[in-house]
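Since the structure comes first, as structure tokens, the remarks are kept for the end.
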Amino acid sequence: MSNSESVKMNVKAGAADKIKKSVKDGQVVLLSLNDGSNKYSNIAGSCAAGTRFQFVVLDQQDPDFSLRVENNAGLDLYTSPAEMQYLGNDLVVDEKNAAISLADDSGVIDAAMTVSENN
């Protein structure tokens, strides 16, 4: 997906409920890599490049994450151009067996996403 395209995500009900438990009114959520490549990653350099993602909850928007992600869950959600190279079309976030997964039109990207609060 190119950076100029609009980013859309379908967040299924179970995943939306799980994410929203960590989000207070007025907070921003980031779709961020969790592979050691950015300041929100809690994984040291690894072989996980582009395969691990997380939702990061912030009190205010990070200017590095400037791409709005349209979603049906009502989240104020953003990602960055660095993340876009690993994302395809038709993004879907789902919840199964207490785990949040991220998929696109090519299949599952991350079957064990986390939600981190960085207020």
Practice item. Would you check which residues across segment 4-26 are under 11 Å from ASP76 (Cα atoms) and buried (at least 20 other Cβ atoms within 10 Å of the Cβ) and list them? Key: VAL23
Check your understanding: Any idea how many residues of segment 27-58 are modelled with pLDDT of 95 or more and surrounded by fewer than 22 Cβ atoms within 10 Å (Cβ to Cβ)?
Key -> 4
Review point. Looking only at residues in segment 59-81 that are of a type outside the set (S, T, N, Q) and without any contact (Cβ under 8 Å) to a residue 60 or more places away in the chain, which one is surrounded by the fewest Cβ atoms within 10 Å (Cβ to Cβ)?
Key: PRO63
Exercise for review: Kindly establish whether VAL93 is touching a residue at least 60 places away in the same chain (Cβ under 8 Å), more than 16 Å from ASN10 (Cα to Cα) and outside any helix (DSSP H, G or I).
Suggested key: no
Check your understanding: Does GLN85 meet the test of being more than 13 Å from the chain's Cα centre (by Cα) and under 16 Å from ASP35 (Cα atoms)?
Key -> yes
Point to revise | Residue satisfying all of: in segment 59-82; touching a Ser or Thr at 6+ places or on another chain (Cβ under 7 Å) and among the charged types (D, E, K, R); modelled with the lowest pLDDT among these | key: ASP64
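The values are calculated or read from the model by the stated rules, or taken from the named source; none is laboratory data. Values in this document were obtained by computation on a predicted structure and should not be read as measured data. Every residue, glycine among them, receives a Cβ derived from its backbone with ideal geometry; neighbour counts consider all protein chains shown.
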